[in-house]
Amino acid sequence: MKKPLLMLFILGVVYAGITFLGRLAVPPHSMTEMGGEGAGRHPALVGGELTRNFPQLPPGYEPFMMDISPDKRWLAFTGIYQPGTKDSEKVEAGLWLFDLQANQVRKLLSGTFTSPMAWAPDGRRLAFSLAQGYDLNSPLVLIDRETGKVTGLGVSGAGPAFSPDGGKLAYSGNFKAERGWFRGVPVSGSIFVLSLAEPSKPKEISPAGEGALMPCWSPDGTRIAYFVLLTAVSQEEPRATVIVAKADGSGLKKVYTIERYLPLSLSWTPSGEAIRLVTPDGDLLVAADGSGTLPKAAAK
């Protein structure tokens, strides 16, 4: 089998497999969940009932990960394009950008990408990992939406999240071993914070190798929420702990343990007093100080 065909075959297996696992463990976000109020969002894993709320892509595109820009005009997604034919030589895989106003799609990068992306608050840049398939080597880059210019950040990681002012990036990195993946991110890393304003070394703010995922900035940019797996991601009733730390890594505090499922996403309420967990059973509000769950009326 020719190498391009082999890579596309592998891509199809990877996409199908992760989509299937996503359906078992955590259904994907809806557009409302991705673009709702509060600080912090995470790209959606395609495959499940809630994907009906996403914008309809032009014919031929099969998305895997999606994220909508802050102004709701641009939809970034990874996946494949097959223009009206079953000829595998015609299949293209990559990172794409869908202009919702012009109804046009253009490719930003070619490759069998499976990790999530993140929009900068200004909607001009994307943070993205260049890892293809199941690869622990995952260079993080910034991509200019208008020019397509790719700027390497000199670090390896996945699952990035911009700070509210766009000046810093939190991400999972320093992956220790192949212990499985969750929504395109290896589950053996820790959370790092990287300043984008000037060259600097990233700061590790969580214990090495604990499997920290989904960093999410508080509205004022002073704290980061994330979760850590307590069981194998493939376990029938997985468990995870939500943790909050200051952006410099101090004041680390376990605020809630999730039973029976893993969260689709974490986001802060506008006040910064609570964290919203999107779960298969609905939204759950958790006090950021660890005092327990809160009524939905507290989501302000």
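The values are calculated or read from the model by the stated rules, or taken from the named source; none is laboratory data. In this text the structure is predicted, and so the values were computed from the model without any measurement. Don't worry about glycine lacking a Cβ; one is built from the backbone with ideal geometry, like all the others, and counts go over all protein chains shown.
Annotations
- Gly48 passes every criterion in (1) within 26 Å of Thr147 (Cβ to Cβ); (2) out of contact with any Asp or Glu (no Cβ under 9 Å at 6 or more places or on another chain); (3) modelled with pLDDT under 90; (4) buried (at least 17 other Cβ atoms within 10 Å of the Cβ) apart from (1).
- Total residues in the range 164-176 satisfying the condition of being in contact with a Phe, Trp or Tyr (Cβ under 7 Å, 6 or more places away or on another chain), buried (at least 21 other Cβ atoms within 10 Å of the Cβ) and in contact (Cβ under 8 Å) with a residue 40 or more places away in the chain: the figure is 3.
- The range 73-133 holds strands (runs of 3 or more DSSP E) entirely within its bounds, and those carrying 1 or more residues that are over 14 Å from the mean Cα position of the chain (by Cα) and in contact (Cβ under 8 Å) with a residue 60 or more places away in the chain map to 74-81, 92-99.
- Residues being closer than 16 Å to Ala288 by Cβ and either hydrophobic (A, V, I, L, M, F, W, C) or surrounded by fewer than 20 Cβ atoms within 10 Å (Cβ to Cβ) (or both) - total across the range 206-222: 7
- Looking across the range 203-231, just one residue is among the hydrophobic types (A, V, I, L, M, F, W, C), over 19 Å from the mean Cα position of the chain (by Cα) and over 19 Å from Val286 (Cβ atoms), and that is Ala208.
- Selection over the range 177-195 of residues that are surrounded by fewer than 19 Cβ atoms within 10 Å (Cβ to Cβ) and assigned to a loop (DSSP other than H, G, I, E, B) gives a count of 4.
- The single residue among Pro238, Pro215 that is of a type outside the set (D, E, K, R), outside any strand (DSSP E or B) and touching a residue at least 12 places away in the same chain (Cβ under 8 Å) turns out to be Pro238.
- Each residue in the range 245-300 was checked for being touching a His at 6+ places or on another chain (Cβ under 9 Å) and of a type in the set (A, V, I, L, M, F, W, C), and 3 of them qualify.
- Whichever residue in the range 264-290 is surrounded by 12 or more Cβ atoms within 10 Å (Cβ to Cβ) and out of contact with any Leu (no Cβ under 9 Å at 6 or more places or on another chain) and, among such residues, is nearest to Leu169 (Cα to Cα): Trp268
- The condition of being modelled with pLDDT under 90 and part of a loop (DSSP other than H, G, I, E, B) holds for only one of Ser206, Ser200, that being Ser200.
- Scanning the range 78-110 for residues that are modelled with pLDDT under 95 and of a type in the set (Phe, Trp, Tyr) gives a single hit, Tyr81.
- Hits in the range 244-263 - residues which are surrounded by fewer than 21 Cβ atoms within 10 Å (Cβ to Cβ) and not in a loop (DSSP other than H, G, I, E, B): Ala245, Lys246, Lys253, Lys254, Val255, Thr257, Ile258
- Qualifying residue in the range 264-276 (condition: modelled with pLDDT under 90, out of contact with any Gly (no Cβ under 7 Å at 6 or more places or on another chain) and outside any strand (DSSP E or B)): yes
- Test: Leu142 is surrounded by fewer than 24 Cβ atoms within 10 Å (Cβ to Cβ) and among the hydrophobic types (A, V, I, L, M, F, W, C): yes
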